[in-house]
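A quick write-up on the structure given underneath.
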Amino acid sequence: MKPAAALAAATLLIAVILFHRAEANPISRSCEGANCVVDLTRCEYGEVTDFFGRKVCAKGPGDKCGGPYELHGKCGDGMDCRCGVCSGCSMQSLECFFFEGAAPNSC
């Protein structure tokens, strides 16, 4: 195979792989147009910035959180995402939930 043909084939292969990965990422396409509008005045546990830099409502005590690209959300002030669950006390609502299923940093 000639070097130019090999380069073209490699470039095409890389483009196909990158396109496939972008299509497989559900988050990058989940917020388009009007779907990106979030009424932050209704955020019970405050607001946070998501993986893509958008302002969204924070998750509260006992809510599912984390995941790839923070798919399940970020916890509000006073809480940490521990093993996929917001653990601690919300500084907004003063509600508490403590995940006791594992030691910190292990699930």
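Annotations for the structure displayed:
- Taking packing as the residue-averaged number of other Cβ atoms within 10 angstrom, the listed peptides 79-90, 41-52 run from highest to lowest as 79-90, 41-52.
- Amide H contacts of residue 47 (H built 1.01 Å from N, under 5 Å, at least 5 apart or other chain): 58
- Backbone phi angles across segment 45-56, fed through the Karplus curve with coefficients 6.51, -1.76 and 1.60 (θ = phi - 60°), yield HN-Hα couplings of 10, x, 10, 9, 9, 7, 4, 9, x, 8, 7, 9 Hz in residue order; Gly and Pro are listed as x.
- Under 5 Å, built H, 5+ apart or other chain: amide partners of residue 73: 66
- Cross-link partners of residue 64 among lysines (Cα-Cα below 27 Å; sequence separation of 8 or more within a chain): 55, 74
- Rounded to whole numbers, the Karplus 3J(HN,Hα) couplings from phi for segment 84-91 are x, 9, 5, 10, x, 10, 5, 6 Hz, using 6.51 cos²θ - 1.76 cosθ + 1.60 with θ = phi - 60°, and x at Gly and Pro.
- Here's how it looks for residue 85: its modeled amide H is under 5 Å from those of 65, which are all 5 or more places away or on a different chain.
- Near residue 81, once Lys and Arg are set to +1 and Asp and Glu to -1 for all other residues with Cβ below 14 Å from its Cβ, the sum equals -1.
Each reported figure results from applying straightforward, stated rules to the coordinates on display, with no laboratory input. What you see is a predicted model; the values in this text were computed from it and never measured. Cβ atoms come from the backbone with ideal geometry, glycine included; neighbour counts cover every protein chain shown.
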